[in-house]
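Undergrad: Following this message is one structure expressed as structure tokens.
The values are calculated or read from the model by the stated rules, or taken from the named source; none is laboratory data. If you're wondering where the values come from, they're calculated on a predicted model, not measured in any experiment. Counting neighbours? That spans all protein chains shown, and the Cβs are built from the backbone with ideal geometry, glycine included. Surface accessibility is based on the protein's heavy atoms, side chains included, excluding ligands, DNA and RNA. Shrake-Rupley method; radii C 1.70, N 1.55, O 1.52, S 1.80 Å.
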Amino acid sequence: MISIHTPPQPTDLGDVRVANRAVVLRHVRLHAPCSRADIAAHTGLNKATVSSLVTELIDRRLLRETGLTENRVGRPATMLVLDGEPYAGLGLQIGADELVVVAVDLGGNRLLTWRRAFAAAAATPGQTVQALAALARRAINRVSGQGRTVLGLTVGVPGLVDTDDGVPLAPALGWRDVPLAAELRRALRDPGFAVGVDTDANLAVLAEQRHGAYAGTADLVHLTGGVAVGAGLVSGGRLLRGGRGFAGEIGHVPLDPAGPVCACGRRGCLAALTGVDAVVRRLLPDAAPDGPVADYLPEVERIQALARSGDDAALSGLAEVGRQLGHGVSILANLLDPQVVVVGGHLAALAPWLLPAARAELAARTLAPPDGGCRLEASNLGSAASALGGATAALATVEAGRLPAA
Ligand SMILES: [Zn+2]
């Protein structure tokens, strides 16, 4: 498991109880259904402590008894599963041409996934904040109408996020120094729960680690596909943020000095070669005669149709993008030695035509023999991975053992 925030270090008895609560919740999340005795046996907590914590967690509807029993050795035991139904986390993501909101309950059940078309790159930061707030309000109303309490909201941004949850720079959106969390909190009129911001890549890898096909992988990278290409890095089970939170900007590693100009102003960055606008421009030269493409989905579908029909130009264009993708991934593989790199967004949608060339390039450029053993795969989480990760992150304080306000 990875946590978005550093877990609290136990310093007094209250903190110890918080930490123990987190241990119990985590055990049940990973091993449910399980009994009180299982929890004690596997966590090292004594039975009385487990019993007291479980009573409290059932009381707060974070756990529930299933009534199932196991008939192995000894008397049957009451089995426990995560409940969490009364609580929801919200995640929002700012995509290339849409805003997405996802709500999940503490048991990991997805309550809603909504999108609205929105070209953030063409809007001002203020307009984007208002649109995010409107979408969040609708989701909050729906979730509270179901009798659930929203515990937090986290927004994924294709750009840099600082420790104050501001956005110092997001080239794909044309943003500089946007205090996003503060403005969103104000737009939501101080909603009474935590409003956080993280990079879309960090949230996507959190979703991947929890809900994806490679969930639980200790060394895992999610490479976002969209107008920005960024990496969420999990190494040794922990999210790698770097000193100021700016790690993972593989999208702005220059790969081709003669390549196209990137949104960051440099030339030939991975994002300028493999971002969705670059791919659309390369594969569909007729797509944007009057300015930037604002709705990428139909364009990506057109590229899929061309590739399926065996169009030579489309196939060779996709193979070239795939080689550049593989080049970028080889840098991650040589540096971090992940078990799996998962690609999302348009890179996942176009994976059947991108990944063969990308894998060959990755193998050719990875030092470790025979090919480094790093798998390159498409995400199965769809285009709402960052919002799903944001909703998961919004529940982090409860997962860390803090009880929701009564
Ligand atoms: Zn760049």
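Undergrad: Within the range 182-213, work out how many residues are open to solvent by 40 Å² or more (accessible area, probe 1.4 Å) and in contact with an Asp or Glu (Cβ under 6 Å, 6 or more places away or on another chain).
TA: The qualifying residues number 0.
Undergrad: Output the residue which, of all residues in the range 246-256 that are outside any loop (DSSP other than H, G, I, E, B), within 10 Å of the ligand (Cβ to nearest atom) and more than 26 Å from Arg302 (Cβ to Cβ), is most open to solvent (accessible area, probe 1.4 Å).
TA: Here the answer is Pro254.
Undergrad: Additional query: Inspect the range 335-351 for any residue being free of Cβ contacts under 8 Å to residues at least 40 places away in the same chain and open to solvent by less than 60 Å² (accessible area, probe 1.4 Å) and give the result as yes or no.
TA: There is at least one residue in the range 335-351 that is free of Cβ contacts under 8 Å to residues at least 40 places away in the same chain and open to solvent by less than 60 Å² (accessible area, probe 1.4 Å).
Undergrad: Name every residue in the range 161-181 that is open to solvent by 40 Å² or more (accessible area, probe 1.4 Å), in contact with a Pro (Cβ under 8 Å, 6 or more places away or on another chain) and within 16 Å of the ligand (Cβ to nearest atom), in order of residue number.
TA: Listed by number, the list holds a single entry, Arg176.
Undergrad: Give the residues of the range 220-245 that are in a loop (DSSP other than H, G, I, E, B), of a type outside the set (Val, Ile, Thr) and in contact with a Leu (Cβ under 7 Å, 6 or more places away or on another chain), sorted by residue number.
TA: Across the range 220-245, the qualifying residues are Gly225, Leu240.
Undergrad: I want to confirm something. Restricting to the range 367-402 and keeping residues that are touching a Lys or Arg at 6+ places or on another chain (Cβ under 6 Å) and in contact (Cβ under 8 Å) with a residue 60 or more places away in the chain, which single residue is surrounded by the fewest Cβ atoms within 10 Å (Cβ to Cβ)?
TA: Of all residues in the range 367-402, those touching a Lys or Arg at 6+ places or on another chain (Cβ under 6 Å) come to 376, 392, 401.
The next check asks that each one be in contact (Cβ under 8 Å) with a residue 60 or more places away in the chain; those that pass are 392, 401.
Details: Thr392: 24, Gly401: 22.
Residue satisfying both the conditions and the ranking: Gly401.
Undergrad: Here is a follow-up. Would you please list the contacts, defined by Cβ atoms under 6 Å and residues six or more apart or on different chains, that run from a residue in the range 140-167 that is over 24 Å from Ala400 (Cβ atoms) to a residue that is open to solvent by 20 Å² or more (accessible area, probe 1.4 Å) and part of a strand (DSSP E or B)?
TA: Within 6 Å, the pairs are Gly159/Leu169; Leu160/Pro168; Leu160/Leu169.
Undergrad: Still on this structure: Yes or no: the range 228-245 includes at least one residue that is in contact with a helix residue (DSSP H, G or I) (Cβ under 6 Å, 6 or more places away or on another chain), free of Cβ contacts under 8 Å to residues at least 60 places away in the same chain and on the phi > 0 side of the Ramachandran plot.
TA: Looking for residues that are in contact with a helix residue (DSSP H, G or I) (Cβ under 6 Å, 6 or more places away or on another chain), free of Cβ contacts under 8 Å to residues at least 60 places away in the same chain and on the phi > 0 side of the Ramachandran plot, one finds none in the range 228-245, hence no.
Undergrad: Starting from the range 253-265, keep only residues that are on the phi > 0 side of the Ramachandran plot, then list their pairs with residues that are of a type outside the set (A, V, I, L, M, F, W, C) and near the ligand (Cβ under 7 Å from one of its atoms) whose Cβ atoms are within a distance under 9 Å, requiring at least 6 positions of separation or different chains.
TA: Gly265/Pro171
Undergrad: Looking only at the range 136-151, count how many residues are more than 18 Å from Thr397 (Cβ to Cβ) and either assigned to a helix (DSSP H, G or I) or touching a strand residue (DSSP E or B) at 6+ places or on another chain (Cβ under 8 Å) (or both).
TA: 9
Undergrad: Being free of Cβ contacts under 8 Å to residues at least 40 places away in the same chain and within 22 Å of the chain's Cα centre (by Cα) is the filter here; which residues of the range 118-134 pass it? Reasoning before the result, please.
TA: Pass one, the range 118-134, residues free of Cβ contacts under 8 Å to residues at least 40 places away in the same chain: 118, 123-124, 127, 131, 134.
Those that are free of Cβ contacts under 8 Å to residues at least 40 places away in the same chain and within 22 Å of the chain's Cα centre (by Cα): Phe118, Ala131, Ala134.
Undergrad: So, in the range 267-300, how many residues would count as being open to solvent by 60 Å² or more (accessible area, probe 1.4 Å) and modelled with pLDDT of 95 or more?
TA: 1
Undergrad: Here's something else I'd like to know. Test Gly259 against the criterion of being open to solvent by 20 Å² or more (accessible area, probe 1.4 Å) and either assigned to a loop (DSSP other than H, G, I, E, B) or within 16 Å of the ligand (Cβ to nearest atom) (or both), and give yes or no. Spell out the reasoning first.
TA: Working: open to solvent by 20 Å² or more (accessible area, probe 1.4 Å): no; either assigned to a loop (DSSP other than H, G, I, E, B) or within 16 Å of the ligand (Cβ to nearest atom) (or both): yes.
No: the conditions fail for Gly259.
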